Amino acid sequence: MNILFVADPLEHFKIYKDTTFAMMRELQKRGHRIAACEPKQLSWMRGGLIEADVRAITLTGDASDWFKVDGTQRTALKDFGAVLMRKDPPFDAEYIYATHLLEQAEREGARVFNKPAALRDHPEKLAIMEFAQFIGPTLVTSSAADIQRFHAVHKDIILKPLDGMGGMGIFRVRADGLNLGSITETLNRNGTQSVMVQKFLPEIVRGDKRVLVIGGQPVPYSLARIPQGSEVRANLAAGGKGVAQPLSNRDREIAQALGPVLAARGLLLVGIDVIGDYVTEINVTSPTCFQEIFQQTGFDVPAMFADALEAAP
């Protein structure tokens, strides 16, 4: 199968931890051909097909010069056996436009994972609100007054932008309410932008667990991202320490409840973030942690993903 990765520039990959690289390596090992492009290289001419200027690549096994380009060609996306959308956030207007182009490619016969419409329909923070039985007290609003009322009830809260990534823009406000007004103004841009507000979960000290679900089935290990020092954020990008561990009974309950629902919507790979017993995010754009789990437990997450991709209708 010839597989196209729509991703960030290959030259920026940190292959010692990159999940997209791990996917490529496993798929090439199985005999599949690999190609790559960036979303900005997608193109649609009136009356024509969705195409992209793609690079056919071979992974070399060299850590410093990890791929070689076998050729560059403008190719219709429908001519690939599978197209994997692996562009990292931000989930901005350009990302949304790319999903529209990929959806048109689907209409032309391309097989795109994760499904473009499902990517648009599941913004990573907002998507949790559908599954109220699995989340803690949560509010989405642009109203400063609503945020103040939420704080008055729950005392210790977390505020974050809906379009953030890697822990950017996350604030904790304790019972004293110090700086709540200025933080709210910063995040909601004086009432013009929605903010997510959640009750602070003290279980964060034991980690923000990334539970991977592939083809509707949970990977048996999570990666707990544990905040370091005085940092409230557990994200690896914010200095959190990743510790792989077996799924708890609650982790498995959540994954088995959400996994089949999300898979049926065209989400082949999902990363569910869990603090304590509660879901805090559902990551669908480019979930990570394949390599960390494999390195620490020996469970071959890339192989599980490749199996699911090969079996996908």
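Quick look at the numbers
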| quantity | calculated |
| --- | --- |
| Filtered residues of the range 182-213 (kept if touching a residue at least 24 places away in the same chain (Cβ under 8 Å), open to solvent by 40 Å² or more (accessible area, probe 1.4 Å) and small (Gly, Ala, Ser)) | SER194 |
| Selection count, the range 87-103, where residues are open to solvent by less than 50 Å² (accessible area, probe 1.4 Å), farther than 20 Å from MET168 by Cα and not hydrophobic (A, V, I, L, M, F, W, C) | 2 |
| Only listed residue being among the acidic types (Asp, Glu) and touching a strand residue (DSSP E or B) at 6+ places or on another chain (Cβ under 7 Å), chosen from ASP62, ASP53, ASP18 | ASP53 |
| Residue within the range 60-74 that is among the aliphatic types (A, V, I, L, M) and buried (at least 17 other Cβ atoms within 10 Å of the Cβ) present | no |
| Any hit, the range 118-131, residues being farther than 30 Å from GLU106 by Cβ and either part of a loop (DSSP other than H, G, I, E, B) or aromatic (Phe, Trp, Tyr) (or both) | no |
| Residues being farther than 26 Å from GLU103 by Cα, touching a residue at least 40 places away in the same chain (Cβ under 8 Å) and among the polar types (S, T, N, Q) - total across the range 32-81 | 0 |
| Counted residues, the range 12-38 - those being within 24 Å of LEU236 (Cα to Cα), more than 18 Å from the chain's Cα centre (by Cα) and open to solvent by less than 30 Å² (accessible area, probe 1.4 Å) | 1 |
| Helices (runs of 4 or more DSSP H) wholly inside the range 213-313 containing at least 1 residues that are aromatic (Phe, Trp, Tyr) | 290-297, 301-311 |
| Whichever residue in the range 104-117 is part of a helix (DSSP H, G or I) and in contact with a strand residue (DSSP E or B) (Cβ under 6 Å, 6 or more places away or on another chain) and, among such residues, is least open to solvent (accessible area, probe 1.4 Å) | ALA105 |
| One residue from GLY266, GLY276 being over 18 Å from the mean Cα position of the chain (by Cα), open to solvent by 10 Å² or more (accessible area, probe 1.4 Å) and at pLDDT 95 or above | GLY276 |
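The values are calculated or read from the model by the stated rules, or taken from the named source; none is laboratory data. Owing to the predicted nature of the structure, the values given are computational and were not obtained by experimental measurement. Here the Cβ is made from the backbone with ideal geometry for all residues, glycine too, and neighbour counts use every protein chain on show. When the accessible area is computed, the model is the full protein with side chains, heavy atoms only, and any ligands, DNA or RNA have been set aside. Shrake-Rupley method; radii C 1.70, N 1.55, O 1.52, S 1.80 Å.
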